[in-house]
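Below is one structure, written out as structure tokens, with a few remarks after it.
The values are calculated or read from the model by the stated rules, or taken from the named source; none is laboratory data. All of these numbers come straight from a predicted model, not from anything done at the bench. As a convention, Cβ positions derive from the backbone with ideal geometry for all residues, glycine included, and neighbour counts pool all protein chains shown. Side chains included, ligands, DNA and RNA excluded: accessible areas come from the protein's heavy atoms. Shrake-Rupley method; radii C 1.70, N 1.55, O 1.52, S 1.80 Å.
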Amino acid sequence: MDFSDERVIELRKSQMKEEYCDIKTGFFIDGKVVKFEEQIIYQEKMSILLPEGFITMPKKIAKIKYPSECRPQVIKTDDTGMVNMAFNLFDRNILPQQIKGATNTLKKGIRNMYPANIFFEEKTMELGNTICSWFDYKSYAMDGAIYNLLYVTSIGGKVLQGTFNCRFEEMDQWREAVIQMIKSITDLTKKEV
């Protein structure tokens, strides 16, 4: 392949990234267009837009990938098992004004347990009638560095804690998609009758 072929390929990738850059059109990730579909989680309590083809991680694989007995309650994953969105809905009440503090507590705990982690950004955003607070960081596993984005919000007034992770080298491709996935969370417990 000569220089002009490489240039054409790079221009095409750039064009695809511009064209597919939100959750409605899809995102251009890892050389392909990733489309999104609504998935219902927690027996009709919440919905979220996740990549098409994401499935519930089989329990056998979840036990290997998340060896602690405190593994997430629901883990959605791609066909490689390397891109994951996980959820925990706790039977603990939380008010919108407590969400940022809860997120800070989680961050401090992770920082204390794993001081080698590198933390990037933290933000709080409106999410329906509540807020969502999140932070992202780089952690390390046996097979390499991992990009993580952890968030806290509420569903039905209860604490929803979610996590996204992928290989660190894919962070730039997934980050905006993950933020838009989180923004798509809908609390179905508050449906109007």
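Summary of computed values
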| read-out | value |
| --- | --- |
| Nearest-20 debye value, segment 25-115 charge dipole, Cβ charges on Lys, Arg, Asp, Glu | 520 debye |
| Net charge dipole size for segment 85-193 [Lys, Arg +1 and Asp, Glu -1 on Cβ; Debye, nearest 20] | 400 debye |
| Carbon and sulfur %, accessible surface of the chain computed with the full protein complex present, 1.4 Å | 53 percent |
| Alpha-carbon spread of segment 29-98, three principal axes, descending order, Å | 41, 27, 22 |
| Relative contact order of segment 34-90, defined on C-alpha pairs under 8 angstrom at six or more residues apart (%) | 25 percent |
| Dipole in debye (nearest 20) - segment 88-138, about Cα centre, beta carbon charges: Lys, Arg +1; Asp, Glu -1 | 200 debye |
| Cβ-based net charge around Val159, under 14 Å, with every Lys or Arg adding one and every Asp or Glu removing one | +2 |
| Longest site-free stretch - the chain; sites: GluC sites (Glu not before Pro), DSSP loop, at most 16 other Cβ within 10 Å | 70-191 |
| Along principal axes, Cα extents of the chain, largest first, whole Å | 61, 45, 33 |
| Average Cα contact separation per residue, the chain, under 8 Å, 6 or more apart, as relative contact order % | 21 percent |
| Å² of accessible area per residue within the chain, as computed with a 1.4 Å probe and no ligands counted | 60 Å² |
| 222 nm mean residue ellipticity, helices alone, for the chain (DSSP H n ≥ 4; -39,500 (n - 2.57); rounded to 500) | -9000 deg cm²/dmol |
| Longest DSSP-loop-exposure-free segment, trypsin sites (Lys or Arg not before Pro), the chain, at most 11 other Cβ within 10 Å | 25-190 |
